[in-house]
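The next block holds one structure in the form of structure tokens; read it before the comments.
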């Protein structure tokens with residue numbers, strides 16, 4: 001079977017929720033690579049999640065590509081301009097066995 | 001003269017303060033590369049700063065290496081454990097003329 005590449009969207013929950021999601025995905029066996037995606041204030045959480053996972057739980061995880069970018073969000077109610085938010089993508093991959 | 005590499009620490013000020021610091025440093029002439037460093041909640045600000053600078057002001061800037069890591073901070077008053085905070089480093093460089 002081809003290696004599976006998973007995406008986890010990091011939002012406003014506590015970092016450990018996402019850390020557990022990563023551990024679960026990798027331990028299912030087929031997932032070789034996970035990309036964390038976050039925007040706005042959750043960018044800090046995404047970095048925390050990557051660091052906690054690597055330093056405390058899955059010490060053989062490799063930090064792959066880190067990309068930043070900008071996304072356009074629809075305007076809030078009562079506003080008429082769309083907002084720009086920053087985004088981040090962090091790729092974590094399992095070392096080959 | 002050798003190309004100068006500058007470091008700007010991103011903290012809790014508004015993003016535009018740091019954007020201006022970058023523009024000033026690059027327009028001084030000798031700086032070819034700037035590394036933004038931030039930790040904790042300022043990580044989001046650092047990504048915003050890099051994105052705003054590239055999309056609105058210095059459109060020929062190249063996004064270089066992005067690195068994340070963990071730093072140990074001394075314990076807060078009244079606590080006795082040191083805290084771990086995530087860090088980010090984003091390198092921006094001027095395209096060669």
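For chain B, the square roots a ≥ b ≥ c of the C-alpha gyration tensor eigenvalues yield an a/c of 1.5 or more together with a/b exceeding b/c, which makes the shape prolate. Per-residue Cβ neighbour counts within 10 Å put A:49, B:19 in the sequence B:19, A:49, beginning with the fewest. Peptide A:45-51 has a mean shielding of 6, counted as Cβ atoms of other protein chains within 10 Å of each residue's Cβ. I'd like the distance separating the alpha-carbon centroids of the stretch A:31-52 and the stretch B:2-54, in whole Å. A separation of 22 Å, based on Cα centres.
Quick check on chain B: of the DSSP beta bridges with both residues there, what percent are antiparallel, nearest 5%?
Working: 17 of 23 bridges.
If we restrict to bridges inside chain B, about 75 percent are antiparallel.
Label points for residue B:67 are taken 7 Å from Cα along Cα→Cβ. From this copy to the others they lie 2.2 nm apart, shortest first. For the Cα atoms of chain A, what angle does the longest principal axis make with the long axis of helix A:15-27, in degrees from 0 to 90, nearest 10? It is inclined by approximately 40 degrees. Helix B:42-52: angle to the longest alpha-carbon principal axis of chain B, degrees 0 to 90, nearest 10? Roughly 10 degrees between the two axes. Take residue A:24, push a point 7 Å out from Cα through the beta-carbon direction, and compare it with the same point in every other copy: 4.9 nm, smallest first. Of the peptides A:65-71, B:74-80, B:85-91, the order by per-residue mean of other Cβ atoms within 10 Å, starting with the highest, comes out as B:85-91, A:65-71, B:74-80.
Using the Cα atoms as the points, what is the convex hull volume per residue of the protein assembly as shown in Å³? Don't skip to the answer; put the middle values down first.
Numbers: hull volume 35.9 nm³, N = 194.
Roughly 185 Å³ of hull volume per residue.
Taking 0.36 nm per intervening residue step and subtracting the Cα-Cα distance, what contour gain separates residue A:71 from residue A:28 on full extension?
Once the chain is fully extended between residue A:71 and residue A:28, it gains 12.3 nm.
Overall form of the stretch A:21-67: prolate. Here a/c, set by the Cα gyration tensor axes a ≥ b ≥ c, is 1.5 or more, and a/b is the larger of a/b and b/c.
Take residue A:41, push a point 7 Å out from Cα through the beta-carbon direction, and compare it with the same point in every other copy: 0.7 nm, smallest first.
Per-residue ellipticity at 222 nm computed for the protein assembly as shown from its helices equals -7500 deg cm²/dmol, with DSSP H segments shorter than 4 residues left out and the rest contributing -39,500 (n - 2.57). For the rotational copy relationship between A and B, the axis lies nearest to a chain A beta carbon, identified with its distance in whole angstrom as A:66, 2.
Each value in this text was obtained by applying a stated rule to the coordinates, not by laboratory testing. Small disclaimer: the values here were computed from a predicted structure and weren't measured. Virtual Cβ from ideal backbone geometry, glycine too; neighbours counted across all protein chains shown.
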